[in-house]
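Trainee: Once you've had a glance at the structure underneath, I'll fire off some questions.
What follows draws every value from the coordinates through simple rules; no lab data is involved. Fair warning: this is a prediction, and the values are worked out from it, not measured in the lab. Glycine gets a Cβ as well: all are built from the backbone with ideal geometry, and neighbour counts include every protein chain shown.
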Amino acid sequence: MRVNCPNCESKAIITSRENQSAGVADLYCTCTNTKECGATFVTTIAFKHYLNPPSSDTARLAASLIRQLPKNKQLELLNI
Ligand SMILES: [Zn+2]
């Protein structure tokens, strides 16, 4: 992950991370442009949404949907 300084846009180094809650963390950062800036700052990262769900979730969802079908339809799907 790359973080840029909000002041000068130079690359910043993440010096520590503090988890705030599930999927949300504060990153403590230091600007690498030490001659002209040298700012230290905190930025927050957060999980937003999946583009593809984890495969375990997909399998669980598929199994749940299949169980809703009558037995003959379940067998039809399993023979594909
Ligand atoms: Zn900077």
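Trainee: Counting Lys +1, Arg +1, Asp -1, Glu -1, what net charge surrounds Leu78 among other residues with beta carbon under 13 Å of its beta carbon?
Mentor: Around Leu78, the surrounding residues sum to +2.
Trainee: For the chain, what is the calculated [θ] at 222 nm in deg cm²/dmol (nearest 500), taking -39500 (n - 2.57) for each run of four or more DSSP H residues and dividing by its residue count?
Mentor: Taken over the chain, the calculation gives -8000 deg cm²/dmol.
Trainee: While we're looking at this one, here's another question. As an exercise, use a Förster radius of 25 Å and the Cβ-Cβ distance of Leu75 and Tyr50 to find the FRET efficiency, rounded to the nearest 0.05.
Mentor: The value I calculate is 0.20.
Trainee: Against the longest principal axis of the chain, how steep is helix 55-67, in degrees 0 to 90 to the nearest 10, with axes from Cα atoms?
Mentor: Compared with the principal axis, the helix lies near 30 degrees.
Trainee: Separate question: Place the peptides 45-51, 28-34, 13-19, 3-9 in order of packing, highest mean first, counting for every residue the other Cβ atoms within 10 Å and averaging per peptide.
Mentor: 28-34, 3-9, 13-19, 45-51
Trainee: Moving on to the next point. Given a cut-off of under 8 Å on Cα pairs at least six residues apart, what relative contact order in percent is computed for the stretch 1-48?
Mentor: 32 percent
Trainee: Determine which lysines satisfy two conditions relative to Lys48: a Cα distance under 26 Å, and not lying fewer than 8 residues away in the same chain.
Mentor: Qualifying lysines at Cα under 26 Å: Lys11.
Trainee: Check the cysteines of the chain one by one and keep only those with no other cysteine Cβ under 4.7 Å from their own.
Mentor: Here Cys29 come out as lacking a disulfide-compatible partner, given the Cβ-Cβ threshold of under 4.7 Å.
Trainee: Let me know the Rg and Dmax you get for the chain when you use only its Cα atoms, in Å.
Mentor: Rg and Dmax of the chain, Cα atoms, are 23.1, 73 Å.
Trainee: Separate question: Under 8 Å for C-alpha pairs, at least 6 residues apart: give me the relative contact order for the chain, rounded to a whole percent.
Mentor: 19 percent
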